[in-house]
Amino acid sequence: MTSAGPIRQRLDGALAADWRRAFIIQLAIVFLQVTGQHATRPTVTYRALELGASTLEIGLVQSAFSLIPTLAAVAVGRWVDRKGERAYIAIAMAILTIGNLMATYTDGLLLLGISQLISGMGQILFLVTSQALVANYGPRESREVRYGHYATVNSFGQLAGPALAALVIGSGLGLTGGGLVPPTTPTLAFLANALLTGTAAAIALLLPRPRRDGDGATSGSGQPGTLRMARQVLRRQGMAPAMTVSIVVASAVDVVIAYLPVYGEAVGLSVGLVGLLLSIRGIAGLVARIFMAQLIRLLTRERTLALSMLVAGLGLIALPFVTAQWLLVVLMVFIGAGLGLGAPMTIAWVANRSPRSERATALGVRITGNRGALLVVPSLMGAVAGAAGIMAIFLLLAGALLGGAALASVTPFDALAGGREETSGGGRQNADGGGVDGEGHTGA
C-alpha cells in the first residue's frame with residue numbers, strides 16, 4: 001500500500017504527457033490541413049475555368065466539395081465512434097492528398113468534380129475526427145481551452161494559406177512534369193496542398209494510442225442506425241440549446257462576411273474600408289481565442305459564451321446607426337471578438353453534452369446543422385433585405401445572438417451534475433465518457 005502513491009503519480013504523469021503530446025500533434029495536423037485548404041479552395045474555380053467550365057459547371061464542382069460530403073457527416077461520426085479517432089485522422093489526410101493529386105493532374109471537368117468530392121469527404125472526416133480528438137485526448141475541465149487553441153491554430157492556417165499560395169505561385173516551381181498538365185497557378189497550389197496533407201498523414205501516425213476504460217470505440221453490432229443515432233443525440237438533455245447556439249454563431253459569421261459589403265455600398269463606405277472592417281473582425285476573433293482560457297477562469301464557461309454573444313449582438317444592433325469610421329472599427333472589434341469565441345465554445349458544449357461512445361456522432365450532427373444553415377440563412381437574409389432593407393439583416397441577426405446568449409446563460413455545459421451517464425453500450429462511465437477523468441486519472 002505504501003507504494004501506491006508514487007505509482008499513481010507516475011501513472012498520472014504518463015497520462016498527462018500522453019494527452020499533451022497528442023494535442024501538439026493534433027495542432028500540427030490542423031495547421032497543415034487548414035493552410036493547404038485555404039491555399040487551394042479559391043483555385044478550384046480557376047482550374048475549372050482553365051478546363052472551359054460554365055458558371056453552372058463551376059457551381060457543381062464546388063458543390064461536390066461541400067454539399068454531398070456534409071450529408072455524410074453524421075455517418076462519419078458513427079464510424080469514428082465505433083473504430084476510434086487515431087486511424088481516421090491519418091485516413092482523412094491520405095484522402096485529402098489523393099484528392100489534391102487528382103486535381104493537380106486531371107484534364108477534364110468530370111475528374112475535377114470527382115477530385116473535389118474525394119477532397120470533400122476527406123475534409124468532413126478530418127473535421128469530425130479532429131474535433132473528437134480534441135475532446136477525447138485530455139481532461140474534461142480543460143476541454144474549452146483546448147478547443148480555443150484548436151480554433152486559434154485554425155485561424156492562423158486561414159491566414160497562412162493565401163500567403164503560401166502566393167509564395168508557391170510566385171516561385172514558379174514547375175513540379176508538374178510529365179506533360180500531363182502545364183504548371184499553372186491552380187496546379188501548383190494543389191500540389192503544395194498535397195505535400196502538406198501528405199506530411200500531416202505521416203505526423204498522424206505519431207499519435208499515441210488512447211487509454212480507454214472499457215467504453216472506448218464501440219463495435220457495429222447492436223448499434224442504432226445513423227438517423228436513429230442522430231435523433232438520440234438531439235434528444236439528450238441540453239443538446240438542442242447547444243446545437244441552436246452553434247447554428248446561430250456560424251450563421252452570424254457567414255452573414256456578416258456576406259452582407260457587410262452590401263451594407264457598405266448602401267451607406268457609401270469605400271471598398272477598402274469594408275475590407276479593413278472584415279479583416280479586423282477576423283483578427284479580433286483570433287486575439288479573443290488566445291485569451292479564452294483567462295476569460296473562462298474569470299467568468300465560467302457559460303458566462304463566457306453568453307457574454308461573447310451578447311457583445312456581438314449589441315455590436316450588430318449599433319452597426320446600422322454608426323457612420324464614423326473609428327466607431328465602425330471599434331464595433332467590428334467587439335463583433336469579431338464575440339463571434340470568434342462562439343465557435344470553439346459551442347464545439348466544446350456539444351462535446352460535453354455527449355458520452356464518449358457517441359461524441360463524434362454529435363459533432364457530425366453539429367457540422368451538418370451548421371452547414372445546412374449556411375446554405376439556407378444567407379438566402380433568407382437576402383429576402384429579408386429585399387422586403388425590409390439591409391439594416392433589418394443586422395437587427396435580426398442581433399436578436400438571434402441575444403437569444404443565444406440567454407440560452408447559453410441558463411443551460412449548463414456538462415451533461416449531468418452527478419457526473420455519470422448511461423452509454424449507448426449499456427455500461428456506465430464518467431460524464432466525460434472517456435478513459436481520463438477530470439484530474440487526468442484513468443476512469444474507474
Taking a ≥ b ≥ c as the square roots of the eigenvalues of the Cα gyration tensor of segment 19-84, is the shape rounded (a/c under 1.5), prolate (a/b larger than b/c) or oblate? oblate
According to the square roots a ≥ b ≥ c of the eigenvalues of the Cα gyration tensor, what is the shape class of segment 112-172, taking rounded for a/c under 1.5, prolate for a/b larger than b/c otherwise, and oblate for the remainder? oblate
Sequence-separation-based contact order of segment 16-207, relative, with Cα cut under 8 Å and 6+ spacing, percent: 42 percent
Do you know the relative contact order of segment 258-367, to the nearest whole percent, from alpha carbon pairs under 8 angstrom that are 6+ apart? 31 percent
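No value in this document is a laboratory result; all are computed from the given coordinates. Predicted, not measured: the structure shown is a model, and the values here were computed from it.
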